[in-house]
Amino acid sequence: MSGAGRGDLAGRTDVPRARVSQNDYGPLLPPDLGRWEPRLRVSVVIPAHDCQDALDRTLASLAAQTYPAHLMEVVVVDDGSEPPLRVPEITPAGTRLVRVPEGRWGRGWARQTGAEAAAGDILHWVDSDMILDREHVEAHLRWHHLLPYAVVMGDVRFTADGTCPRAGEVLSAVEAGDPERLFDGAAPHEWRAGVLKETRWLRDAGTGAYRLHSGASTSVPVALLRSAGGVNTALNMAEDTDLGFRLAQAGAVFIPDPQARGWHLGPSTVMLRKKDVHRHNWSVLPDLIPDLRWLRTHPRRTWLVPYVHVVVDVGGARYEDVRASVDSALAGTLVDVAVTVVGPWARLPAGRHPSLDEPLLDLRLVHNLYAHEPRVSFAEEAPAGSAPAPFRLTFPAGWALGADSLAKLVKLAESEGYGLLSAVLDEGATGVRAARLERTAAFARAALVTGGTPDGDIDGAVHQLFGSLWVSAAEFGVTTAGEAEPVAGDPAKWRAESTRWKREAERLRGEVESLRAETERLRTEAGHPRDERRRGPLGGIIPTTRRQTAPRREKSG
């Protein structure tokens, strides 16, 4: 994207770098409406298709906004309308019309086309069937002046019917501060209202706050949108949910503002055809959003976006050790995993070389083994990030994950909201070696608040904003490659069964120890004058009054 005022998000100096923990934006204090001085330019982008009358009403409401006109532009994106849309008489100054490229169509293309045409610092999506309160844009923008990674969501109400006032009536009502006189009742979306109530208006929603992200009235810094990869042009539905997920991985905080009021004329498509919408969207979202776990129930599917990106550093390790590490990551009970193997692959000669005695033979063998495995890629250096995968696990070659090691680590991180789990592998002269499970959203946020500088304390910022924890790798079933169980047959099932039987053996050993202790106690009591027990044929003590059983230890996991 190009345009004025579009520096890198981490380098912006026009707003303070407030440190928002998880999604708790509560400590931020936005200014009262009408009592502050805006500075940022906003581009209101309206995707539209065959809806001239509705568009006229939306533009009329935008013509009455309190946000300074010289800081606001409106970009209408015509998604192949016939006849083509036009800019009406009642419209904000600086409104212009662009068209989706020839041969392209759909909401994804319309939104991205508008984003590329926008010239502001902030991009404000508005649907073409909305009427906005006069302070709507101002309510959005006050948050962006406080926080450079805010995604603000308006308070959208749905009118009881499809009442269609004229554009002139809309302008008069909005200018008078009384747009509700245009409708015969309006109500919020029931599901959205429930989520807001349960999460203190998303303050307690954690990294799942993006699920309320909607294109009807949402604003985002252009730099943040760019860092998330823009809008997915392949999607004609659910593009706003997909974008919300990727914005979350880029470090966004999602803020619903009840004062950014807007009205949708009539019920939405989701309200009218909920089952049909879900049937459609749930065919595409499993590939794109890994933490919608209920949509990824197939035990052997490969998905476009992995849940965990595993990075294994070769580091001069033997072929057998690298193989043990990579195979253990691919064979676990958490199946939606992708692996990047880091090593000096460019040093492998492409021409004639000795097959058995080349200097980098172990590296060659690793490349041979995984060259056609779609879940494995090769890199010279560890990737800077793993977005949009929600998690990344990094560990050195020579260590192997247990069948459920990765699943248990992710479960701990998800249940407690941790941004970083460091699992200690060993400690030597060079210090502690650890496997690191990093939450993508947490490290993206930490980079934003520290300015992304090399000397910024990224781990410290992650600890402050999301929390971090040191654990023992052995407690999660991580072993050296030499001690690891072989991967054969049905790896995930076989190794999971192996792990279960190991736990059962440990439990039984504990019971044996308890029985031994009980036996010793009985032997000690055998010589007591008041002992009423009889002796067995071999001299053992047999209780005559009650049967003693060893206490069972609770099964872990």
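The values are calculated or read from the model by the stated rules, or taken from the named source; none is laboratory data. These numbers come from a predicted model, not from an experiment. Neighbour counts run over all protein chains shown; Cβ positions are idealised from the backbone, glycine included. The protein model used for the area step is the full one, side chains on, heavy atoms only, and it has no ligands, DNA or RNA in it. Shrake-Rupley method; radii C 1.70, N 1.55, O 1.52, S 1.80 Å.
Numbers for the structure displayed
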quantity	calculated
Residues of segment 352-376 satisfying the condition of being open to solvent by 40 Å² or more (accessible area, probe 1.4 Å), more than 22 Å from the chain's Cα centre (by Cα) and within 30 Å of residue 289 (Cβ to Cβ)	371, 372, 373, 374
Number of the exception - residue 283 against (1) within 20 Å of the chain's Cα centre (by Cα); (2) of a type in the set (Gly, Ala, Ser); (3) open to solvent by less than 30 Å² (accessible area, probe 1.4 Å)	(3)
Restricting segment 403-423 to residues that are within 22 Å of residue 464 (Cβ to Cβ) and open to solvent by 50 Å² or more (accessible area, probe 1.4 Å), the residue that is nearest to the chain's Cα centre (by Cα)	414
Cross-chain or 6+ apart pairs with Cβ under 8 Å, segment 194-205 first and over 15 Å from residue 25 (Cα atoms) and free of Cβ contacts under 8 Å to residues at least 40 places away in the same chain, then open to solvent by less than 70 Å² (accessible area, probe 1.4 Å) and outside any loop (DSSP other than H, G, I, E, B)	195/212
Set 400, 441: member being open to solvent by less than 20 Å² (accessible area, probe 1.4 Å) and within 26 Å of residue 344 (Cα to Cα)	400
Segment 1-47, subset among the basic types (Lys, Arg) and either within 23 Å of residue 206 (Cβ to Cβ) or surrounded by 15 or more Cβ atoms within 10 Å (Cβ to Cβ) (or both), residue modelled with the highest pLDDT	41
Matching option when the condition is at pLDDT below 95 and either aromatic (Phe, Trp, Tyr) or under 22 Å from residue 139 (Cα atoms) (or both), among 183, 254	183
Some residue of segment 156-166 being open to solvent by less than 40 Å² (accessible area, probe 1.4 Å) and under 25 Å from the mean Cα position of the chain (by Cα)	yes
Output for segment 286-323, where each listed residue is open to solvent by less than 30 Å² (accessible area, probe 1.4 Å) and more than 21 Å from the chain's Cα centre (by Cα)	312, 314, 317, 322
